[in-house]
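Okay, so here's the structure we're looking at.
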Amino acid sequence: MRIQNGNRIGVALILVFSLALATGCTGKAKAEADVINIGNGAEPKDLDPHITTGVPEHHIQQNIFEALVSVHPKTLEPIPGVAESWKVSKDGKVYTFTLRKDAKWSNGDPITAQDFVYSWTRLLKPEIASEYAYQGYYLLNGKEFNNGKLKDASKLGVEALDDHTLKVTLVNPTPFFLGLLYHHSYYPVHRKTVEKHGLAWTRPENIVVNGAFTLDKWETNKVISLVPNPHYWDRASVKLKRANFLPTENLDTEEKMFRSGKIQVTNEVPLEKLPQWRKDTTGVYQGVPYLGTYFYWINTTKKGLEDKRVRKALNLGIDRSRLVEFVTLGGQLPGNIYTPPGTAGFTPTAHLPTDLSRLDEAKKLLVEAGYPGGKGLPKLEILYNTHEGHKKIAEALQQMWKQNLGVNVGLYNQEWKVYLDTLQQMQFQLARQGWIGDYNDPTTFLDLLVSDNGNNRSGWKNPKYDQLLESAGRESNVAKRNEYFRQAEDMIMDELPIIPLYIYTRNYLKDPGVQGWEANIQDFHPLKYVSFKPGKAEEPQSK
Amino acid sequence: MGIAYILKRLAVMVPVFVLVVTLVFFMIRFAPGGPFDGEKAVSPEIKRNLLAKYHMDEPLWKQYFNYLGDLARGDLGPSFKYANRTVNELIADGLTVSLELGMISLGWALLIGLTAGGIASLRPNTLWDYIPMSFSILGICLPTFVIGPVLVLIFGIWLEWLPVAGWNSWEDRILPSLTLGFAYAAYISRLTRGGLMEIRNQDFIRTARAKGLSEARILIVHSLRGGLLPVVSYLGPALAGIIAGALVTETIFGIPGLGRFFIQSAVNRDYTVVMGTALVYFTLIFVCNFLVDIAYALLDPRVKHE
């Protein structure tokens, strides 16, 4: 029969196809020594250090640019980078850096103090429109120059005394300034390349850099590939032959790529897989405290919420331990403080409970405020941007407040940019916010609640608080500074324009063969110190 | 059907194109939030610098006419989000990948769909019919975000035959194109079966059979041409859909196609990329339907004479 003939052909085709699959190809990626593949989240916006704003970009930039002062991969303490030494004036406002003479750009040009003058001036130029220009406001006249009030760039607090001596003058003594230099906005750029190629200077065929690696390949949404920079002064220390950064926006895909050996370090772990991975005993799972706080804004201009007692009751009526244990799942610390513990050696005194031990006080506060058992309190709403994780947290809080305080709260989610717009216009009562520190210092958190801070969404303004931070800004003595911070944190805990929920943890997976990748609070991983010996990427294993 | 017909179709396209440009331009700009809003809001001074850099401080009507002017020169502008790339470059890169993925997927869809549908139509209401048609129901019901991860789990993680994600070697092409093509294969198999079954009862087939022609000859020479008309008319929207609707597949397999830009740019309020991708998809859908109309005319003599 002809039909059967046709079927035979079909069956044969399927067989051949299956055989081809079974024999011809393998999905298991072959790992190569000292070639590392890193899951990097979103596709980078650019690699121009004065243009970018994100973390994925910085993962790459810290390897292709070398800062004046670098960081120790584990302790994050300042260590020599392009500068081999530096002196700080007594008042803490003038830094004099001595640049190493063997530092070169990837095209062989020497790196001079003038390169830093050019780069930092560029950061602050209004027409460059750097979103992180404010990082340069620590420099004398930085703000005025960026706002266009000052036209003369030579008045900026950065000056080349000679080819290898750079003098930096700051507005205030800024004890964290050396750490700040590792922020991408302070990286040097190669003047001739930038001026010759304009926007396209960061493309692999044009780019000139000064870090341990150079950019070899950049295919949009596919891969960014780095190779060692032959002109790097410390080339001998670099062990990796190649580092590939892959965009991995889909966490499930990323985890599967890790399990099949296609990547050696992931950017994140999917929420639903976290409980399983956290039980892992092979050393693959990494959960590292991170410099960030997740909290809710309380809009203190709204009825009911202008009352400190209500804000306090809301803060005491939630069980933060249960929230991190059963909802966020990533081993986060319960947010009983605002500034993450150990931020540049400062740990605030906790004033909020991690559990419901002060629930009675909360109920009493509501009675005092005239809302016994939540009665009479205007209907509250939590605003969050559409995201499964935020939703779960909001639902947990909704349930806790209902059960513990009798307060009814509605949930309201908005698309990301709409949510940002609503925040800006203060059209909410409670809203979520994640705040990641730009540098390792309490000011990166505490400044947020200063009255005129553009990101302060609480409507809470307190001249005393502003005064405290201003005093801290002028202070160069660390102990005295920390005392100001402690008072500021105390004030937040008393006034509670926010509801701290948890301190961030970075969760990711790392192949045990990856060496020299140190855990630290800012999630910095200079690849200069990293090497890779292939082993087998493991499935999650538990005891 | 001649040159006049083609010209007439193209003439219709121009005003529709301008209408789409106008609608998308204003709709995306009236959506709350802008390209420079982020978790950390920038200060008003810095925002002013940013708006000036991208000429967004000019009146909207002026921006609109500037955009039209650039568009006429084939310049889709710079991306706000991907600062060192132009929209033209982003689209050129993404579209190449999307077209390749789409073509392979459509190939799978046709291969599987026509074969399954053809087999089913020859022996209706037997196992030869039930089995492929059950699979096709499955294909229609199961969304790509289920099929994709399941295929990855089986062939990528368990059997370790095929890569779980990426877009480098030919092996990388197999799972995503199958995932994307599967649902279309299902539709095509049902359309094929239906079309062929209908033709089988026509007089001219009965005549052919009476003349003693072999079943294969009847199928290939006589039935297919008419029986495939429904499939052909489905191909236009299918091709456009397969290229434009690959977002989920692209995300699951980490493929650098255009679908991701389409969604991401709207989320980012990356105005120029939103415009660019919308226009590319509009053109694509238009061209696909246009090609199908021509193919239809070639296959069906009745259309040719109209």
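If the elastic network links every pair of Cα atoms under 10 Å, which of B:ILE205, B:ILE91, B:ILE140 fluctuates the most in the Gaussian network model of chain B?
In this elastic network of chain B, the residue with the biggest mean-square fluctuation among B:ILE205, B:ILE91, B:ILE140 is B:ILE205.
Please give me, ordered by residue number, the chymotrypsin sites (Phe, Trp or Tyr not before Pro) of segment B:115-208 that lie in loop per DSSP and have at most 13 other Cβ atoms within 10 Å.
Counting only loop positions with at most 13 other Cβ atoms within 10 Å, the chymotrypsin sites (Phe, Trp or Tyr not before Pro) in segment B:115-208 are B:TRP170.
Around A:HIS197, what is the net charge, scoring Lys/Arg as +1 and Asp/Glu as -1 over all other residues with Cβ under 10 Å from its Cβ?
Working: positive: A:LYS192, A:LYS196, A:ARG203; negative: A:GLU195, A:GLU205.
Residues close to A:HIS197 contribute a combined charge of +1.
Averaged across the residues of A:41-53, what count of C-beta atoms belonging to other chains lies within 10 Å of each residue's C-beta?
Values: counts 0, 3, 6, 3, 8, 6, 2, 2, 0, 0, 2, 2, 5.
Whole-number average of other-chain Cβ neighbours for A:41-53 is 3.
Counting C-alpha atoms alone, how compact is segment A:473-523: give Rg to one decimal and Dmax as a whole number, in angstrom.
In order Rg, Dmax, the Cα atoms of segment A:473-523 give 17.8, 49 Å.
Segment A:362-427 to segment A:278-352: how many Å between their Cα centroids?
16
Considering only C-alpha atoms, what is the centroid distance from segment B:114-180 to segment A:202-224, in Å?
38
For segment B:171-269, which GluC sites (Glu not before Pro) are in a loop by DSSP, counting at most 11 other Cβ atoms within 10 Å?
Qualifying residues, ordered by number: none.
If you look at just the Cα atoms of segment B:126-229, how large are its Rg and its Dmax in Å?
18.8, 55
Rounded to a whole number of µm²/s, how large is the Stokes-Einstein D of segment A:353-419 at 25 °C and 0.890 mPa s, given Rh as the Kirkwood radius over C-alpha pairs?
D, rounded to a whole number, is 188 µm²/s.
With +1 assigned to the C-beta of every Lys and Arg and -1 to the C-beta of every Asp and Glu, and no other charges, what is the dipole magnitude of the protein assembly as shown about the Cα centre in debye, to the nearest 20?
On the way: 91 positive and 84 negative charges, 338 e Å.
Dipole about the Cα centre, nearest 20: 1620 debye.
Just need the relative contact order of segment B:155-221 here, percent rounded to a whole number, with Cα pairs under 8 Å and 6+ apart.
12
Identify the residues of segment B:1-43 with backbone N under 16 Å of a label point that sits 7 angstrom from the Cα of B:LEU298 along the Cα-to-Cβ direction, or state none.
Zone members listed by number: B:1-3, B:6.
What's the long-distance tail for segment A:384-458, i.e. % of Cα pairs beyond 21 Å?
Numbers: 1107 of 2775 pairs.
Value for segment A:384-458: 40 percent of Cα pairs lie more than 21 Å apart.
State, as an integer percentage, the relative contact order of segment A:48-125 based on alpha-carbon contacts under 8 Å between residues 6 or more apart.
Result for segment A:48-125 is 17 percent.
Taking all pairs of different Cα atoms in segment A:227-312, averaging 1/r and flipping that mean, what Kirkwood radius in angstroms comes out? Provide the component values of the computation, followed by the final result.
Details: mean 1/r = 0.0565 Å⁻¹.
That comes to 17.7 Å for segment A:227-312.
Short version: ³J(HN,Hα) in whole Hz for each residue of segment A:103-111, in order, from phi by Karplus 6.51 cos²θ - 1.76 cosθ + 1.60 (θ = phi - 60°), x for Gly and Pro, what are they?
Each residue of segment A:103-111 in turn: 6, 10, 6, 5, 9, x, 4, x, 8 Hz.
Taking the Cα centre of segment B:108-195 as the origin, how large is its charge dipole in debye, to the nearest 20, when only Lys and Arg (+1) and Asp and Glu (-1) carry charge on their Cβ atoms? Write out the running numbers ahead of the final one.
On the way: 4 positive and 4 negative charges, 71 e Å.
With Lys and Arg at +1 and Asp and Glu at -1, about 340 debye.
Under 24 Å Cα-Cα from A:LYS302, which lysines qualify once same-chain neighbours fewer than 8 residues away are excluded?
A:LYS302 reaches A:LYS312, A:LYS363, A:LYS364, A:LYS375, A:LYS379, A:LYS391, A:LYS402, A:LYS417, A:LYS461, A:LYS464, B:LYS40.
Restricting to DSSP loop positions (anything but H, G, I, E, B) with no more than 15 other Cβ atoms inside 10 Å of their own Cβ, which trypsin sites (Lys or Arg not before Pro) remain in segment A:293-363? Write out the running numbers ahead of the final one.
Values: sites: A:LYS302, A:LYS303, A:LYS308, A:ARG309, A:ARG311, A:LYS312, A:ARG320, A:ARG322, A:ARG358, A:LYS363; in loops: A:LYS302, A:LYS303, A:ARG358.
Here the trypsin sites (Lys or Arg not before Pro) that fit, given the DSSP loop and packing criteria, are A:LYS303.
Determine Rg/Rh for the protein assembly as shown; Rg is computed over alpha-carbon atoms and Rh is the Kirkwood hydrodynamic estimate from the same atoms.
So for the protein assembly as shown, dividing Rg by the Kirkwood Rh gives 1.02.
Set Lys and Arg Cβ to +1 and Asp and Glu Cβ to -1, take the dipole of the protein assembly as shown about its Cα centre, and tell me which of B:GLY107, B:GLY118, B:ASN66 lies farthest positive.
The one lying farthest along the dipole's positive direction is B:GLY118.
Just need the relative contact order of chain A here, percent rounded to a whole number, with Cα pairs under 8 Å and 6+ apart.
19
Compute the Cα gyration tensor for segment B:186-281, then decide on rounded, prolate or oblate, letting a ≥ b ≥ c be the square roots of its eigenvalues: rounded whenever a/c is under 1.5, prolate when a/b is larger than b/c in the other cases, and oblate in all that remain.
Working: a/c = 5.22, a/b = 3.70, b/c = 1.41.
Here segment B:186-281 falls in the prolate category.
Taking each residue in A:410-422, count the Cβ atoms of any other chain within 10 Å of its Cβ, then average. What number comes out?
On the way: counts 0, 0, 0, 0, 2, 5, 7, 11, 4, 3, 8, 5, 2.
Mean shielding count: 4.
Rounded to whole Å and ordered largest first, report the semi-axes of the equivalent ellipsoid of segment A:391-543 derived from its Cα gyration tensor (root of 5λ). The partial results should precede the final answer.
Numbers: eigenvalues 240, 145, 46 Å².
For segment A:391-543, the ellipsoid semi-axes come out as 35, 27, 15 Å.
Counting just the Cα atoms, what span does segment A:296-399 cover along each of its three principal axes? Round to the nearest Å and put the largest first.
Principal extents (Cα only, largest first): 40, 33, 25 Å.
Across 10 Å bins from 0, what is the distribution of all Cα-Cα pair distances for segment B:79-142, in whole percents?
Calculated P(r), rounded to whole percents: 19, 29, 19, 16, 12, 5, 0.
Throughout, read-outs are computed from the coordinates displayed, never taken from laboratory work. The structure displayed is predicted, hence computed values, not measured ones. With ideal geometry, Cβ positions are generated from the backbone for all residues, glycine too; neighbour counts draw on all protein chains shown.
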